[in-house]
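The block underneath contains the structure these notes are about, expressed in structure tokens.
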Amino acid sequence: MAKELFILKDLCKDYDNNTILKSINLDIYEGEFLTLLGPSGCGKTTILRLLAGFEEPSSGEIILNGKNINSLPPEQRAINTVFQSYALFPHMSVFDNVAFGLKMKKIPKEQIKKEVETALLMVKLSKFMNKKPHELSGGQQQRVAIARAVVNKPLILLLDESLSALDYKLRKAMQIELKMLQRQLGITFLFVTHDQEEALSMSDRIVVMNKGKIEQIGTPKEIYEEPKNLFVAQFIGQANCFESKVLQESDNSVSLAYGDKTFSLKSKKSFKTEYCTILIRPEDFRVEKNLEDVKSNNFFIGELENIIYKGTTIDLLVKLEDGKEVIASEFYNEDSDALGYEVGIKLFLYWVEGWEVLLPHE
Ligand SMILES: Nc1ncnc2c1ncn2[C@@H]1O[C@H](COP(=O)(O)OP(=O)(O)OP(=O)(O)O)[C@@H](O)[C@H]1O
Ligand SMILES: [Mg+2]
């Protein structure tokens, strides 16, 4: 396992008697791409501000390379931040913006020139070094902001919603570039977003937050495939949830009742609760028009209510017999079955056993 760069220990932050962060415990490893993901107001920016030293914790500890830095001023932390508004100096050229930090450190001119040129080459802006920020696109300005930060060789780069101002295509391109840049530099990146797709595609690990608390920490795969609770499951992607009664449990199986249906599923977990939730992702549903094609005893019957075309996939909105609406998504191409779907037809939905997630009742 990589070495911890930062350790956040029972970190709490209050503003005017309002608790904003509640006992945050988080290790940040050297060289990782870590993402804070959560709804607006959950405390993501507050964590960055505490790490950068713009705020002091109300209680708990921030440990950097083994030392408590709770009260260390920002300029002594070797941390750089790229905020959502890139805050470039408007009157300075791209070159001078990137050179700013090095000039402040009184580094010899020749060396500054070399380092700034290397940084600009990396973010593919060499041609623009004499332009002013207002002559650049949003994506280019963002790359200047990143170059300006990495040229200082920070221990960690904090990026707060850095891509959210960009259009979809540029954002996708920047996601790939940013990730490559991080690999190349080997600098720890702490990235903040409320876009789950962005978090899944870029991160080594994701921290899912809600109301000032950490709900789950894990790799994108762990978070998506084994969400710890309903909040995580529903925040990361779509999820169909079926609250079911636990009828019987044994070492590796569980029998559940949902309405008048009984499902028997493999389970390594023990619930010890009366109810649990069966969670099935839209892409894990198999859709059939005929009962004889259903390859499982665990299935639902419903009526197709709506078809939502999404390019490579289609979402089928299906109303089950009990009135519950669920979503099943299917790959879509010229010869797929999907073409034969019509609103109003009867559909059978089943799933491959083991692909469901079982969550204890909360
Ligand atoms: N200086 C402050 N004084 C009082 N309350 C604050 C201050 N800064 C933040 N807050 C409150 O703390 C909570 C968390 O704010 P924070 O900016 O960390 O959220 P966030 O997760 O970054 O949200 P967003 O996704 O909208 O940027 C919010 O309810 C906010 O109103
Ligand atoms: Mg924020």
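Looking across Lys266, Lys211, one residue alone is at positive phi and either in contact (Cβ under 8 Å) with a residue 12 or more places away in the chain or open to solvent by 10 Å² or more (accessible area, probe 1.4 Å) (or both). It is Lys211. The number of residues in region 266-320 that are assigned to a strand (DSSP E or B) and small (Gly, Ala, Ser) comes to 1.
So is Ile63 in the same structural domain as Val192 (by TED's automatic domain parsing), open to solvent by less than 30 Å² (accessible area, probe 1.4 Å) and away from ligand 1 (no atom under 16 Å from the Cβ) or not?
Working: in the same structural domain as Val192 (by TED's automatic domain parsing): yes; open to solvent by less than 30 Å² (accessible area, probe 1.4 Å): yes; away from ligand 1 (no atom under 16 Å from the Cβ): yes.
The answer is yes for Ile63.
So for region 113-130 (the condition being away from ligand 1 (no atom under 16 Å from the Cβ) and touching a residue at least 60 places away in the same chain (Cβ under 8 Å)), does at least one residue qualify? Yes; the residues of region 113-130 include at least one that is away from ligand 1 (no atom under 16 Å from the Cβ) and touching a residue at least 60 places away in the same chain (Cβ under 8 Å).
Count of region 66-105 residues, restricted to those that are more than 16 Å from ligand 1 (Cβ to nearest atom), assigned to a strand (DSSP E or B) and within 27 Å of the chain's Cα centre (by Cα), is 2. The strands (runs of 3 or more DSSP E) located wholly in region 4-61 that include 3 or more residues which are touching a Pro at 6+ places or on another chain (Cβ under 8 Å) occupy 4-15. Ile176 meets the stated requirement of being assigned by TED's automatic domain parsing to the domain that holds Lys13, more than 16 Å from ligand 2 (Cβ to nearest atom) and at pLDDT below 90.
Regarding region 38-57, can at least one residue be identified that is within 16 Å of Ile214 (Cβ to Cβ), more than 16 Å from ligand 2 (Cβ to nearest atom) and open to solvent by 10 Å² or more (accessible area, probe 1.4 Å)? Before the answer, list the steps.
Pass one, region 38-57, residues within 16 Å of Ile214 (Cβ to Cβ): 38-39, 41-48, 50-51, 57.
Checking which are more than 16 Å from ligand 2 (Cβ to nearest atom) leaves us with 57.
Adding the requirement that they be open to solvent by 10 Å² or more (accessible area, probe 1.4 Å) leaves 57.
Checked against the condition, which is being within 16 Å of Ile214 (Cβ to Cβ), more than 16 Å from ligand 2 (Cβ to nearest atom) and open to solvent by 10 Å² or more (accessible area, probe 1.4 Å), region 38-57 yields at least one hit.
Inspect region 150-166 for any residue being open to solvent by 50 Å² or more (accessible area, probe 1.4 Å) and either farther than 24 Å from Lys103 by Cα or part of a helix (DSSP H, G or I) (or both) and give the result as yes or no.
Initially, region 150-166 is screened for residues open to solvent by 50 Å² or more (accessible area, probe 1.4 Å), giving 153, 155, 165.
Right, trim to either farther than 24 Å from Lys103 by Cα or part of a helix (DSSP H, G or I) (or both) and you get 165.
There is at least one residue in region 150-166 that is open to solvent by 50 Å² or more (accessible area, probe 1.4 Å) and either farther than 24 Å from Lys103 by Cα or part of a helix (DSSP H, G or I) (or both).
Within region 224-246, can you find the residues that are part of a helix (DSSP H, G or I) and of a type in the set (D, E, K, R)? Answer for region 224-246, where residues must be part of a helix (DSSP H, G or I) and of a type in the set (D, E, K, R): just Glu225.
Residues of region 227-261 being farther than 24 Å from Ser329 by Cα and open to solvent by 80 Å² or more (accessible area, probe 1.4 Å), which ones? Quick ask: steps written out before the conclusion?
Filtering region 227-261 for residues farther than 24 Å from Ser329 by Cα gives 245-257, 260.
Once the filter is applied, which keeps residues that are farther than 24 Å from Ser329 by Cα and open to solvent by 80 Å² or more (accessible area, probe 1.4 Å), region 227-261 yields Leu247, Gln248, Asp251, Asn252, Asp260.
The values are calculated or read from the model by the stated rules, or taken from the named source; none is laboratory data. This structure is a prediction, so every number in the text was calculated from the model and none was measured. Heads up, the Cβs are rebuilt from the backbone with ideal geometry, glycines too, and the neighbour counts pull from every protein chain shown. In case anyone asks, the SASA skips ligands and DNA or RNA and just uses the protein heavy atoms, side chains included. Shrake-Rupley method; radii C 1.70, N 1.55, O 1.52, S 1.80 Å.
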